[in-house]
1. Being in contact (Cβ under 8 Å) with a residue 40 or more places away in the chain, of a type outside the set (A, V, I, L, M) and surrounded by fewer than 19 Cβ atoms within 10 Å (Cβ to Cβ) is the filter here; which residues of the range 101-115 pass it?
2. Could you say which residue among Pro92, Pro14 is in contact (Cβ under 8 Å) with a residue 40 or more places away in the chain and either over 12 Å from Ala107 (Cβ atoms) or out of contact with any Leu (no Cβ under 6 Å at 6 or more places or on another chain) (or both)?
3. Taking the options Ala78, Ala43, Ala35, name whichever one is hydrophobic (A, V, I, L, M, F, W, C) and farther than 30 Å from Pro14 by Cβ.
4. Counting just the residues of the range 23-39 that are in contact (Cβ under 8 Å) with a residue 24 or more places away in the chain and basic (Lys, Arg), which one comes out surrounded by the fewest Cβ atoms within 10 Å (Cβ to Cβ)?
5. Being under 14 Å from Ala107 (Cα atoms), of a type in the set (Lys, Arg) and without any contact (Cβ under 8 Å) to a residue 40 or more places away in the chain is the requirement here; does Lys42 meet it?
Amino acid sequence: MSVRVRRIYEPPEPGDGLRVLVDRLWPRGLAKEAAQIDEWPKALTPSTELRRWYHAGEASYEEFRHRYEAELADPEAAELLDGLRTSARKGPVTLLTASRSPEQSHAAVLAALLTG
């Protein structure tokens, strides 16, 4: 199973496979054509409240991860997560985020859940 996390601002690569934007908001300054995304499942993204709480800088990544995983238990999110897991079994999946630190973001949490 191949799942990787990349910044949406990096140019697409042939090995990306299914390109999935996992941010709730469209990335600033990026044309939709340039992004070349295949899916944008907004129900898989952290809630606005959780995102704001984490970006306020008062939370640890571990606490964010724990709260985000709890949000992913929602039936709609869980169904989308299962769908991505199925896609990852068939071929590469690239989770795209505008986060400056993808390794400390919700995209990394999703990647771990998909491959774990």
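1. Restricting attention to the range 101-115, the residues satisfying the condition of being in contact (Cβ under 8 Å) with a residue 40 or more places away in the chain are 102-111, 113-115.
Checking which are of a type outside the set (A, V, I, L, M) leaves us with 102-106, 115.
Answer for the range 101-115, where residues must be in contact (Cβ under 8 Å) with a residue 40 or more places away in the chain, of a type outside the set (A, V, I, L, M) and surrounded by fewer than 19 Cβ atoms within 10 Å (Cβ to Cβ): Glu103, Gln104, Thr115.
2. Details: Pro14 fails: in contact (Cβ under 8 Å) with a residue 40 or more places away in the chain.
Matching residue, one of Pro92, Pro14: Pro92.
3. Only one candidate passes the filter, namely Ala78.
4. If we take residues in the range 23-39 being in contact (Cβ under 8 Å) with a residue 24 or more places away in the chain and basic (Lys, Arg), then Arg28 is surrounded by the fewest Cβ atoms within 10 Å (Cβ to Cβ).
5. Judged against the criteria, Lys42 is a match.
Quick note: the coordinates plus some simple rules give every number you see, no bench work behind them. On a predicted model such as this, the values are computed, not experimentally measured, just so you know. As a convention, Cβ positions derive from the backbone with ideal geometry for all residues, glycine included, and neighbour counts pool all protein chains shown.
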